[in-house]
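The values are calculated or read from the model by the stated rules, or taken from the named source; none is laboratory data. Note that the coordinates shown come from a computational prediction; the quantities given were computed from them, not determined experimentally. Quick reminder, even Gly has a Cβ in these numbers, built from the backbone with ideal geometry, and neighbours come from all protein chains shown. Surface areas here come from the heavy atoms of the whole protein model, side chains and all, with no ligands, DNA or RNA. Shrake-Rupley method; radii C 1.70, N 1.55, O 1.52, S 1.80 Å.
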Amino acid sequence: MASSIRVRAQANGKTTEVQALIQHPMDSGFVKDSSGKLIPPHHIETVRFEHAGKLVLMANWGPAVSKDPYIKFAFEGGAKGDPLVVTWVDNLGKTDTLTAKIG
Amino acid sequence: MHPRADHHPPAIHTRRAATRLLALLGVAGFVGTARAAAPGWPEEAFKQTSEADAIKALYGKSAATSDKITLEVPEIAENGAVVPVSVSSSLADVTAISILVPGNPLTLAASYTLPAGTLPSIGCRLKMAKTSNVIALVEAGGKLYSTSKEVKVTLGGCGG
C-alpha cells in the first residue's frame, strides 16, 4: 500500500528544508454529512520528524488543520542521503510512518 | 392488583442494582474516553474555546505582543477550508510555535515543538470557520510572545 506520507527533504549546505504532505481526512467533528449526521472527529494528533535518531520537529494538531495536511519547516544539519523518519498518530490510534531520504 | 409492598422493593436490591448500573455506566464511560491521546499531544489545550484558556493550558503563562514574529496569512481567504499560515520569528532560542484561531469552535489549531537546531519558521494550512484573528504564539527563551492578524473568510471552512 502506498504510504499516506509524502516528504521532500532538501539539504542545502547548513540546513535541510522539509516539506511533507499527509493523506488524512482531518474530520473536525463539527461537520454534518449529507444526511445531517455529524461526522465524528478523525484527525491527526501528532507528527514526529526525526533525523539521525533526533527529534527535529513535533507537530501537535487539532481538528482545525486542513484535510491532507501540509507542513514546511527546516532544521540545521542533515546531509544528502540521510534518513528522515516521519510518524503520525491520529485520534483513533491509527498511525503511519515513512523513512524518507534527504535529497 | 399488587400489594403495596411490591412497589417498594427492599432497599438493598435497589442499591445493588444502582451500583451495578453505575458500574456499567462507569465502564461504558471509561471505554468511551479510554483511548489515550497520542503521546505528547496536549489534549487539554486543544479542548479550550477561548484564546486565554488555550494559552494557559498550553504554556501556563501569558504572552507579550512582539514585533519579532512574522505571521503570514492571506488578507482574504476565499476558501476557509484551506488557509495557508506561516509563522517565523527573529527571536532567539525559539522552542515552540503555536497557532490559534479564536473564531473556530476550538481555539488552538496547531502547536509545534522545536528542538534546538530547528529553524523558527513553520508553514501549514488551517481551516477557518469564519472571519477571525489568527494568533501566532512563539515561546522563546522561556518567555511567550504573540502577534495576530485578521483573515476575512468568504466561505467558511469547517467543512474541511
**Report entry** Condition check for B:Pro9: outside any helix (DSSP H, G or I), at pLDDT below 90 and open to solvent by less than 80 Å² (accessible area, probe 1.4 Å)
**Finding:** yes
**Report entry** Checklist (1) open to solvent by 10 Å² or more (accessible area, probe 1.4 Å); (2) in contact with a strand residue (DSSP E or B) (Cβ under 9 Å, 6 or more places away or on another chain); (3) acidic (Asp, Glu) applied to A:Asp90, failing item
**Finding:** (1)
Query - Residue pairs meeting the criteria (Cβ under 6 Å; at least 6 apart or on separate chains; first within 7 Å of another protein chain (Cβ to nearest Cβ), in segment A:60-72; second among the hydroxyl-bearing types (Ser, Thr, Tyr)) - result: A:Asn60/A:Thr46; A:Asn60/B:Ser111; A:Pro63/A:Ser28
Query raised in the report: Taking strands (runs of 3 or more DSSP E) that do not extend beyond segment A:14-91, which have at least 3 residues that are over 25 Å from B:Glu43 (Cβ atoms)?
Result: A:15-22, A:70-76
Report summary line: If you go through B:Ser121, B:Ser111, the only one that is in contact with a Ser or Thr (Cβ under 7 Å, 6 or more places away or on another chain) and under 16 Å from B:Pro42 (Cβ atoms) is B:Ser111
**Report entry** Residue within segment B:87-100 that is open to solvent by 70 Å² or more (accessible area, probe 1.4 Å) and either at pLDDT below 95 or out of contact with any strand residue (DSSP E or B) (no Cβ under 9 Å at 6 or more places or on another chain) (or both) present
**Finding:** no
Requested in this report: Might you let me know whether segment B:55-73 holds any residue that is more than 14 Å from chain A (Cβ to nearest Cβ), more than 30 Å from B:Pro120 (Cα to Cα) and either at pLDDT below 95 or touching an Asp or Glu at 6+ places or on another chain (Cβ under 8 Å) (or both)?
Outcome: no
Query raised in the report: Restricting attention to segment A:11-39, and to residues there that are in contact with a strand residue (DSSP E or B) (Cβ under 7 Å, 6 or more places away or on another chain) and open to solvent by 70 Å² or more (accessible area, probe 1.4 Å), which single residue is nearest to A:Phe73 (Cα to Cα)?
Result: A:Lys14
**Report entry** So B:Ser148, is it within 24 Å of A:Leu55 (Cβ to Cβ) and either modelled with pLDDT of 95 or more or in contact with a Pro (Cβ under 9 Å, 6 or more places away or on another chain) (or both)
**Finding:** no
